[in-house]
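The values are calculated or read from the model by the stated rules, or taken from the named source; none is laboratory data. Keep in mind it's a predicted model, so treat the numbers as computed, not measured. So basically every Cβ, Gly included, is an ideal-geometry build from the backbone, and we count neighbours across all protein chains shown. Surface areas here come from the heavy atoms of the whole protein model, side chains and all, with no ligands, DNA or RNA. Shrake-Rupley method; radii C 1.70, N 1.55, O 1.52, S 1.80 Å.
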Amino acid sequence: MVVALVGLILVLPLPAQKLRVAFVGDPQVDSETELSYARRSVYRELRERKDVDLAIFLGDLVNDKPELLEPTRATLDSLPYAWACVPGNHDRDVYKVKGKARDMATYSQVIHTPDTSFVCSGVQFILMDDVRLVGSAGYEGGFRESQKAWLKEVLEAVPEDRLAVLSVHIPFNEFEALDSLETILAIHPKLLLMCGHTHTMARRMLKFPGGLEVEEVLTGAACGSWWRGRPDRYGIPCATQNCGAPRCYYVADFNKGGYRLDYKLIGEPESVKASATVVDSTRLVVNVYGGALEGTVEVKLPGHHGWITLRRSAEPAPEVMETYAFNKTITGRRSGNPLFIPMLRAKSPHVWSLDDIPDAASLEGKKIRVRYRDASMQLGETVTCRRL
């Protein structure tokens, strides 16, 4: 079932106040082969989940291939619960006629019209198209004036004790200007922002120019780094993302006006949330894939007493460095090689480290306990330590 009315408030008939929603960014399939990857991984996993009440897709179902929207829609309709979607910059029709701008003719016909609001189990969901075209092929993040007027009307009608979840494709921190949007968002006291687009996982308290602070969640991409990289045992590319996270999606539990966040690595057991890596023989680096900039990480190491607090570390994730090293072993034209992932060695927003450990090398192959917490998420996991 798809939620498809525009500018209206729906009430979906789901039980009481508890609600679990999967937020899925960027499946971004480019061919029948990639659609097969998505069907055999993220879509299969979502279809088999018995604990999800609703799925919201955060744009880029396809990669400039509108002809794949119809079979994608059929796959989404096979989910055993309701789903909804916002359009991404790659969900548009691309014309070969010079000067003819991209549009959403196919998307609007096959999926639904972009801006939608509905109420489900006491939560106000607002889904909007935030891809503004620039010229015939360019784009930027932002809302048109008519959209801002509609969003203002919606938020003014939401009761103050009801959480409003605003879902878009391009993150708000990439908008050209936030001043006028802040005035609108400040109307309502309880907000959560969900975004896709960047093919990285990141969480932050987004600070607007006038002082408003709202949690913004970048969910990562179901396709990871565009369905590239070494295949797993099922023949599906690993597609490690530039933040060092595997392919993934977020899960949010809503209850009594609040929310808790979690995330799922596609194809991995539910318990897998982090990695621990010995770097340079003296450092332990922990990558909590869905961690927030404001989060704290503690570890309990074999042979050490008590919990040790790690520090946030501005460095590329170990998974990125491993991929970068592998890329160097690829001979010939790398860009056309499906094993090649274009890694930028950018600083990851969810890496923590413990420095100057004399016996760090001895941790390789050992199990360590990792504990993570922030205002919206708490995780605990036993991780087998690797070595870079």
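For region 280-324, the set of residues classified as touching a Lys or Arg at 6+ places or on another chain (Cβ under 6 Å) and open to solvent by 70 Å² or more (accessible area, probe 1.4 Å) consists of Leu293, Trp307, Ala314, listed by residue number. Could you go through region 151-168 and let me know if any residue there is at pLDDT below 95, of a type in the set (Lys, Arg), surrounded by fewer than 16 Cβ atoms within 10 Å (Cβ to Cβ) and not in a helix (DSSP H, G or I). Within region 151-168 (the criterion being at pLDDT below 95, of a type in the set (Lys, Arg), surrounded by fewer than 16 Cβ atoms within 10 Å (Cβ to Cβ) and not in a helix (DSSP H, G or I)), the answer is no, since none of the residues qualifies. Among the residues of region 365-388, write down those that are surrounded by 14 or more Cβ atoms within 10 Å (Cβ to Cβ) and either of a type in the set (Val, Ile, Thr) or part of a loop (DSSP other than H, G, I, E, B) (or both). Hits for region 365-388 are Lys366, Ile368, Val370, Asp374, Ser376, Met377, Val383, Cys385, Leu388. With the structure loaded, tell me whether Tyr249 is assigned to a strand (DSSP E or B), of a type in the set (Phe, Trp, Tyr), open to solvent by 10 Å² or more (accessible area, probe 1.4 Å) and modelled with pLDDT of 95 or more or whether it fails that test. In short, no.
The residue pairs whose first member lies in region 353-373 and is without any contact (Cβ under 8 Å) to a residue 60 or more places away in the chain, whose second member is part of a loop (DSSP other than H, G, I, E, B) and loosely packed, with under 15 Cβ neighbours inside 10 Å, and whose beta carbons are closer than 9 Å, counting only pairs six or more residues apart or on different chains, are Asp359/Gly303; Ser362/Pro302; Ser362/Gly303. When Arg40, Arg20 are screened for being in contact (Cβ under 8 Å) with a residue 60 or more places away in the chain, surrounded by fewer than 22 Cβ atoms within 10 Å (Cβ to Cβ) and more than 30 Å from Gly122 (Cβ to Cβ), only Arg40 passes. From (1) assigned to a loop (DSSP other than H, G, I, E, B); (2) in contact with a helix residue (DSSP H, G or I) (Cβ under 6 Å, 6 or more places away or on another chain), pick out the condition that doesn't hold for Pro269. Status for Pro269: all satisfied but (2).
Does Ala221 fit the bill of being open to solvent by less than 10 Å² (accessible area, probe 1.4 Å), within 30 Å of Ala317 (Cα to Cα) and small (Gly, Ala, Ser)? Judged against the criteria, Ala221 is a match.
Here Ala55 passes the criteria (1) under 17 Å from Gly142 (Cα atoms); (2) not in a loop (DSSP other than H, G, I, E, B) except the one numbered (1). Give the residue that is surrounded by the fewest Cβ atoms within 10 Å (Cβ to Cβ), with candidates limited to residues of region 169-203 that are in a helix (DSSP H, G or I) and more than 18 Å from the chain's Cα centre (by Cα). Top of the filtered list is Asp179.
Residues in region 161-171 that are closer than 19 Å to Phe208 by Cβ and out of contact with any His (no Cβ under 7 Å at 6 or more places or on another chain): Leu163, Val165, Leu166, Ser167, Val168. The residues on offer are Pro316, Pro358, and the sole one that is in contact with a helix residue (DSSP H, G or I) (Cβ under 9 Å, 6 or more places away or on another chain), part of a loop (DSSP other than H, G, I, E, B), more than 30 Å from Gly258 (Cα to Cα) and not aromatic (Phe, Trp, Tyr) is Pro316. Within region 120-150, restricting attention to residues that are surrounded by 13 or more Cβ atoms within 10 Å (Cβ to Cβ) and among the hydroxyl-bearing types (Ser, Thr, Tyr), the residue that is farthest from Arg260 (Cα to Cα) is Ser136. Taken together, the residues in region 1-36 that are at pLDDT 95 or above and either closer than 16 Å to Ile111 by Cβ or of a type outside the set (S, T, N, Q) (or both) amount to 15. A Cβ distance below 8 Å, combined with a sequence gap of six or more or placement on separate chains, defines the contacts here; from region 75-92, residues that are touching a residue at least 40 places away in the same chain (Cβ under 8 Å) and among the acidic types (Asp, Glu) reach residues that are open to solvent by 10 Å² or more (accessible area, probe 1.4 Å) and not in a loop (DSSP other than H, G, I, E, B) in the pairs Asp77/Val2.
Cβ separations smaller than 6 Å between residues 6+ apart or across chains give the following pairs from region 132-150 residues that are within 11 Å of Ala101 (Cβ to Cβ) and outside any strand (DSSP E or B) to residues that are open to solvent by 50 Å² or more (accessible area, probe 1.4 Å) and not β-branched (Val, Ile, Thr): Ser136/Gly99.
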